[in-house]
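Remarks on the structure that follows.
The values are calculated or read from the model by the stated rules, or taken from the named source; none is laboratory data. This one's a predicted model, so the numbers in the text were calculated from it and none came from an experiment. Glycine also receives a Cβ, built like all others from the backbone with ideal geometry; neighbour counts cover every protein chain displayed.
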Amino acid sequence: MINSPATDRARPMSPTDEIPPELARALPGRFVVFEGPDGSGKSTQLDRFVLACARAGVAPVEVREPGGTEVGERIRRTLLDHLDREEMTLRCEMLLYMASRAQLVQQTIRPALGQNQFVLADRFVSSTLAYQGAAGGLPEAEILAAAKIATAGLEPDAVIIFDVDERTSAARMNPLLRGDDLDRMEAKGSDFHKRVRQGYLDQIDRWPDTHLRVDGAQDEDAVFADLIATLTARLVT
C-alpha cells in the first residue's frame, strides 16, 4: 500500500492535540473522509488529527484521492497536470477519478475495514460531486451511478467538510503560489470555486447525518476542537 499523504507532507508538531478516549474507542472499523474546497485547511487538520490518533493508539490507514495506490498515483498525475495540446473532457475527468477510487477501495480500504482498522481518506465521492458535478456541470445522477460501481456501494461513516468562503480560500493559496504553480483543479478560477463550495454545502443539507460541516475559517486550534467535537457527536453512541 502506498501511504502517500505521510510522505508528501511534514507532520506539524502539535503535542497538545488529543482525542477523547470515547472517540478513540469508536474509530476502529470506521471509514472517515475529510473534504473541503482548496484552501480550506483540510490538509493541516488531517495532519493534526493523524498525530492525535496515533498518540491515542488508533493510528489510521491513511489514503488520499486521487492516488493511494500505484495505479491511483499514475492517474493522479494525469488528472492534475496541465495538458499541452488539448483539454480533458469533464466526463473523462470524472471517470478517471472513479477509476482511481475503484482501485483504492478494493486494494486498500475494504481490506483495512475488514481487519477492523480505522481508515481516514483525504477526499472521496463528495469531491467528485462538488468539483465535477456542482462546479463542472455533470449530472449528479451520473456521478452517483459511477460511484456505486467504483466503490461497490461502500459509503463513509462520516464526511467532514471544512467550509470556507472562496475569498478566504484564495487568500490562503495565492500568497504561496504563482499562477503557474497551481495544479489544473486549483487554476480553474473564482467562479468555479464558488460553485465547488456551494456543492459541498448542498451535500450537508442533503445528507445531514453523515456530511458534517466544520468552520474552516476559524484559527487552526479552534478548527481542530470543532473537528473533534463534530466527530465525537457523530461516532460515539
Filter the stretch 205-229 for residues that are crowded, with 17+ Cβ neighbours inside 10 Å and in a helix (DSSP H, G or I) and give the result.
V223, F224, D226, L227, I228
Give the number of residues within the stretch 81-98 that are in contact with a helix residue (DSSP H, G or I) (Cβ under 9 Å, 6 or more places away or on another chain) and closer than 18 Å to L129 by Cα.
9
Of all residues in the stretch 128-144, count the ones that are under 15 Å from P66 (Cβ atoms) and small (G, A, S).
1
On the basis of being more than 24 Å from E142 (Cα to Cα) and free of Cβ contacts under 8 Å to residues at least 60 places away in the same chain, does G41 make the cut?
no
In this structure, is S169 modelled with pLDDT under 95 and of a type in the set (G, A, S)?
yes
Can you tell me which residues in the stretch 1-40 are at positive phi and at pLDDT 95 or above?
G29, G36
Need at least 1 residues that are of a type in the set (A, V, I, L, M) and over 16 Å from the mean Cα position of the chain (by Cα) per element, so show me which helices (runs of 4 or more DSSP H) inside the stretch 90-135 make the cut, counting only ones lying wholly within it.
90-104, 110-114
Can you tell me which of (1) at pLDDT below 95; (2) within 21 Å of Y97 (Cβ to Cβ); (3) assigned to a loop (DSSP other than H, G, I, E, B) is the one L154 doesn't meet?
(1)
Which members of the stretch 135-154 meet the condition of being surrounded by fewer than 20 Cβ atoms within 10 Å (Cβ to Cβ) and in contact (Cβ under 8 Å) with a residue 60 or more places away in the chain?
L154
